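Take a look at the structure set out below.
Read-outs: derived from the displayed coordinates by stated rules, not from any lab. No experiment lies behind these values; they were computed from the predicted model shown. All Cβ positions, even for glycine, are placed from backbone atoms using ideal geometry, and neighbour counts span all protein chains on display.
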Amino acid sequence: MNYVALKELRENMDKYAHQVQKGKSFVVMKRSKPLFEINPVNEQWEEVVDFTKYKKNGILVDELIKRLK
């Protein structure tokens with residue numbers, strides 16, 4: 001298992017996210033105590049709706065709920 005300090009994770013989130021995408025797992029530590037684990041997702045996710053097709057950065061939840069009513 002790989003260990004990473006919470007501060008290190010916060011400061012280098014992109015680096016660790018990329019490593020997790022490649023299959024690496026991490027235990028996040030704070031003051032020498034384990035807080036949580038970061039693991040890659042083992043399932044295939046099905047895309048239901050890509051809201052970026054409607055707006056470049058997606059849509060706000062409030063806007064979505066308003067449209068559904």
Inset, instruction - Please identify, among Lys15, Lys53, Lys24, the residue showing maximal mean-square fluctuation in a Gaussian network model of the chain using a 10 angstrom Cα cutoff. - result: Lys53
Legend entry - Other-chain or far-sequence residues with amide H under 5 Å of Ala5's (modelled H): Met29
Inset, instruction - Work out the FRET efficiency for Ala5 and Glu43 from their Cβ-Cβ distance, taking R0 = 25 Å, and round it to the nearest 0.05. - result: 0.30
Legend entry - Within the stretch 1-40: Cβ-based charge dipole about Cα centre, in debye rounded to nearest 20 (Lys, Arg +1; Asp, Glu -1): 120
Legend entry - the stretch 14-69: proportion of alpha-carbon pairs further apart than 12 angstrom, %: 77
Inset, instruction - Compare Glu46, Glu37, Glu11 in a GNM of the chain, Cα atoms joined below 10 Å, and give the one with the largest fluctuation. - result: Glu46
Inset, instruction - Compare the Cα positions of Ala5, Phe36, Thr52 along the charge dipole of the chain (+1 at Cβ of Lys, Arg; -1 at Cβ of Asp, Glu; about the Cα centre) and return the one farthest towards the positive end. - result: Ala5
Legend entry - CD proxy at 222 nm, helix term only [per DSSP H run n ≥ 4: -39500 (n - 2.57); per residue of the chain; nearest 500]: -9000 deg cm²/dmol
